[in-house]
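Undergrad: Questions regarding the structure given below will be posed in turn.
The values are calculated or read from the model by the stated rules, or taken from the named source; none is laboratory data. All of these numbers come straight from a predicted model, not from anything done at the bench. With ideal geometry, Cβ positions are generated from the backbone for all residues, glycine too; neighbour counts draw on all protein chains shown.
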Amino acid sequence: MTPIMIQKHVFATPMPFVIGFAGFSDSGKTTLIEQVIPLLRAQGLRVSLIKHAHHNFDIDVPGKDSYRHRQAGAHEVLITSAHRWALLHELRGATEPTLDEQLARLSPCDLVIVEGFKFAPIPKIEVYRPSHGKDALWPHDPHIVAIATDAALSTTLPQLDINQPQQVVTFILSLKK
């Protein structure tokens with residue numbers, strides 16, 4: 001198998017198909033993704049997700065051993081059990097990794113959904129509700145390939161019903177081929 005080069009990273013396995021979901025807060029991205037993932041899994045796909053947070057976040061519980069080790073200065077803390085594992089990596093002032101760098105860290109999968117990274121040069125579905133009063137991203141982002149919405153819009157881009165997750169899955173699968 002030929003390695004795939006993405007910027008400076010070499011992948012030993014083929015790069016998975018990457019699709020982004022972009023939109024402003026409270027547009028329904030998380031809810032739609034939550035509905036889409038099981039439908040993609042039902043198609044036999046192994047799906048991973050990268051979520052970008054625009055704020056400081058913590059997934060570790062204060063007072064627990066792993067939290068205490070991280071607070072003590074550990075560069076990485078890997079928490080593992082019979083059910084899941086998580087690797088916490090402290091940047092400690094280093095530059096935030098790029099999307100490509102984060103994609104390189106994922107285990108092999110068929111499809112990666114990216115939530116956030118609004119301006120990344122990847123194919124994206126914009127989740128857009130005109131009633132929220134926010135500007136649409138699609139007029140200014142050539143990487144938006146469709147719009148999941150609850151209203152009719154004046155655009156040549158495919159419009160997907162935000163309330164029909166199977167429609168979104170069908171569209172994603174058409175791109176993946």
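Undergrad: Mind listing whichever residues of the range 49-101 are at pLDDT 90 or above and of a type in the set (D, E)?
TA: E96, D100, E101, listed by residue number.
Undergrad: Also: Is the range 57-71 home to any residue that is among the hydroxyl-bearing types (S, T, Y), under 16 Å from V114 (Cβ atoms) and crowded, with 17+ Cβ neighbours inside 10 Å?
TA: Within the range 57-71, the first condition is being among the hydroxyl-bearing types (S, T, Y), and the residues that meet it are 66-67.
Then drop every residue that is not under 16 Å from V114 (Cβ atoms), which leaves none.
Taking every residue of the range 57-71 in turn, none turns out to be among the hydroxyl-bearing types (S, T, Y), under 16 Å from V114 (Cβ atoms) and crowded, with 17+ Cβ neighbours inside 10 Å.
Undergrad: Take A104 and tell me if it is modelled with pLDDT under 95, farther than 16 Å from V47 by Cα and either in contact with a Pro (Cβ under 6 Å, 6 or more places away or on another chain) or of a type outside the set (D, E, K, R) (or both).
TA: Taking the combined requirement at face value, the residue does not satisfy it.
Undergrad: Are any residues in the range 127-150 assigned to a loop (DSSP other than H, G, I, E, B) and within 17 Å of V168 (Cα to Cα), and if so, which ones?
TA: Result: R129, H143, D150.
Undergrad: Separate question: Pairs only if they're at least six apart or on different chains, beta carbon under 8 angstrom, first in the range 145-156 and more than 16 Å from I33 (Cα to Cα) and surrounded by 11 or more Cβ atoms within 10 Å (Cβ to Cβ), second at pLDDT 95 or above and among the aromatic types (F, W, Y); list them, first residue then second.
TA: L153/Y128; T155/W138
Undergrad: Take E90 and decide whether it is touching a helix residue (DSSP H, G or I) at 6+ places or on another chain (Cβ under 7 Å), acidic (D, E) and either surrounded by fewer than 19 Cβ atoms within 10 Å (Cβ to Cβ) or in contact (Cβ under 8 Å) with a residue 24 or more places away in the chain (or both).
TA: Values: touching a helix residue (DSSP H, G or I) at 6+ places or on another chain (Cβ under 7 Å): yes; acidic (D, E): yes; either surrounded by fewer than 19 Cβ atoms within 10 Å (Cβ to Cβ) or in contact (Cβ under 8 Å) with a residue 24 or more places away in the chain (or both): yes.
Taking the combined requirement at face value, the residue satisfies it.
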